[in-house]
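What follows is a single structure, written as structure tokens, with notes after it.
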Amino acid sequence: MNSTSQNIRAEHAIIGAGIIGLATAFELVDAGVVPQKIVVVDPQPISGATFVAGGMLAPVAEVQYGQEPLYPLMVASSEMFPCLLARLGAKTTAPTGHRSESTLMVGADRADGTHIRELLVLQQKHGLKAHALPLRQARGLEPGLSPQLAAAVEIPGDHQINPRMFSACLVEYLQHAGVRFVATAATRIDGHTVQLADARVATADIIYLCNGLGAKDVDGWFESTHPLALRPVFGDMLRLRVPEELVRTSGEPLTRVVRAFVEDRPVYVIPRTDGTIAVGATSREDNRTGPAVDGVHTLLRDAIRVLPGLEECEFIEAVVGARPGTPDDLPYLGKVREELVVSTGYFRHGILLSALSAKVGAQLGLGTSLAAGIDISACDPLRHCP
């Protein structure tokens, strides 16, 4: 059988099976699109940035100076997540790793404490819910915290999912529903046609470009220079296992996300529902595509300074992910042609923004109105055109 006879026809073709593409497919099905009329193109689903992401649904803790247009989108997406989780939970019993304990932010030394308090002022200025805690009260919530910390803040609404579990849950449901997965890469978009790396062609009424950094390698849909100025920002992530003996004798090392500044270096520690702990994440732009020795060393040292009991855990793995960054660190989200929706460039916020990006992407593809108050104008995919 030749490749032409294997060409693919669909109403909706989604390029990318990370959390953005998978959640977009889910929203299309939930909006009434026949699953068999959706195709998801990706040589390796749940890889790339999704596989190594922290999974924090943290619109408050993720506030950064100079990114004001992103604040309302992060808050809106966080508010959409309970509904997304409930709708997905009604269709499958596969775990998502969701945990709803509050998040703690702590500062290791006096300067870090000042940083935490200044960040709290910024958060509260924008109406975000966070409050300072006496260290004794913070250690009452998390007894494993070091008594030598300088400041603590509690963020009640910042929660987490496990990105690997959540994405696997989406894949399981979508496949069972009848969505088609094509295990190859997309190389070019010409109108309604997607050229595939295996020489086949996928034709669709609407195409969604959701494959993270890979979007910069898909050409044909723009006139001259590629408009998506994506760059890889590497992040080292560690995984630890909590020994059962440690739990029996000393209890869990922690029960909620702890985000810290240690000598102005950010580190976060995330307890998972499967008895593991994630520690992350560095942010570097260099040529090392594997875990960096200095990054692994620094993450372990800083995490243990904040939570000394982590020394008793077992080391599972060190991984690195390449997050898709843009020049202004805002995502590319919008409809650039009648047949093409772009949704990529989420940098550190891909998991948090996935609920909003999936809903907006599906609405753009279906031609329905965006929810009231959702303004994606700052995320125009063509804003960096030369």
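Of everything listed in (1) farther than 25 Å from L299 by Cα; (2) out of contact with any strand residue (DSSP E or B) (no Cβ under 7 Å at 6 or more places or on another chain), the single unmet condition for A111 is (1). Is it fair to say R200 is in contact with a strand residue (DSSP E or B) (Cβ under 6 Å, 6 or more places away or on another chain) and basic (K, R)? No. When region 43-69 is filtered for residues that are part of a helix (DSSP H, G or I) and hydroxyl-bearing (S, T, Y), only T50 remains. If the condition is being open to solvent by 30 Å² or more (accessible area, probe 1.4 Å), acidic (D, E) and touching a strand residue (DSSP E or B) at 6+ places or on another chain (Cβ under 6 Å), then region 286-314 contributes only E314. Taking only region 39-66 into account, find how many residues are modelled with pLDDT under 95, surrounded by 16 or more Cβ atoms within 10 Å (Cβ to Cβ) and farther than 26 Å from Q175 by Cα. Within region 39-66, residues that are modelled with pLDDT under 95, surrounded by 16 or more Cβ atoms within 10 Å (Cβ to Cβ) and farther than 26 Å from Q175 by Cα number 2.
Within region 315-336, no residue satisfies the criterion of being touching a strand residue (DSSP E or B) at 6+ places or on another chain (Cβ under 8 Å), acidic (D, E) and over 25 Å from I270 (Cα atoms). For region 206-228, filtering for residues that are more than 14 Å from V341 (Cβ to Cβ) and either among the aromatic types (F, W, Y) or part of a strand (DSSP E or B) (or both) leaves 2. Close Cβ contacts (under 9 Å, 6 or more residues apart or on different chains) running from residues in region 364-386 that are at positive phi to residues that are assigned to a helix (DSSP H, G or I) and open to solvent by 60 Å² or more (accessible area, probe 1.4 Å) comprise G373/P72. Of the residues making up region 315-340, those that are in contact with a Pro (Cβ under 6 Å, 6 or more places away or on another chain) and open to solvent by 10 Å² or more (accessible area, probe 1.4 Å) are A318, V320, A322, V336. In this structure, is E11 modelled with pLDDT of 95 or more and crowded, with 19+ Cβ neighbours inside 10 Å? Criteria not met by E11.
Residues checked against (1) touching a Cys at 6+ places or on another chain (Cβ under 8 Å); (2) assigned to a strand (DSSP E or B); (3) without any contact (Cβ under 8 Å) to a residue 12 or more places away in the chain:
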site: R239; (1), (2), (3): no, yes, no
site: T249; (1), (2), (3): no, no, yes
site: P253; (1), (2), (3): yes, no, no
site: R259; (1), (2), (3): no, yes, no
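When region 140-193 is filtered for residues that are without any contact (Cβ under 8 Å) to a residue 40 or more places away in the chain and in contact with a helix residue (DSSP H, G or I) (Cβ under 8 Å, 6 or more places away or on another chain), the ones remaining, listed by number, are P147, T187. Among the residues of region 17-38, those identified as of a type in the set (V, I, T) and either over 17 Å from F81 (Cβ atoms) or surrounded by fewer than 19 Cβ atoms within 10 Å (Cβ to Cβ) (or both) are V29, V33, V34, I38. Among the residues of region 356-386, those that are of a type in the set (G, A, S) and crowded, with 24+ Cβ neighbours inside 10 Å comprise S357, A358, G361, A362, G365.
For region 268-279, the set of residues classified as among the β-branched types (V, I, T) and buried (at least 24 other Cβ atoms within 10 Å of the Cβ) consists of V269, I270, V279, listed by residue number. Does region 57-81 hold any residues that are more than 16 Å from the chain's Cα centre (by Cα) and within 26 Å of A31 (Cα to Cα), and which are they? Hit for region 57-81 is P72, nothing else.
Check region 88-104 and report whether any residue there is over 26 Å from Q137 (Cα atoms), modelled with pLDDT of 95 or more, within 21 Å of the chain's Cα centre (by Cα) and part of a helix (DSSP H, G or I). Yes: one or more hits. Considering region 16-33, and only residues there that are in contact with a Gly (Cβ under 8 Å, 6 or more places away or on another chain) and in a loop (DSSP other than H, G, I, E, B), the residue that is nearest to L128 (Cα to Cα) turns out to be G18. All conditions but one from (1) part of a helix (DSSP H, G or I); (2) open to solvent by 40 Å² or more (accessible area, probe 1.4 Å) apply to T203; the one that does not is (1).
The values are calculated or read from the model by the stated rules, or taken from the named source; none is laboratory data. Keep in mind that this is a model prediction, so the values were computed, not measured. Positions of Cβ are generated from backbone atoms using ideal geometry, with glycine treated the same way; all protein chains shown enter the neighbour counts. Just so you know, the surface numbers come from the protein's heavy atoms only, side chains and all, with ligands and any DNA or RNA stripped out. Shrake-Rupley method; radii C 1.70, N 1.55, O 1.52, S 1.80 Å.
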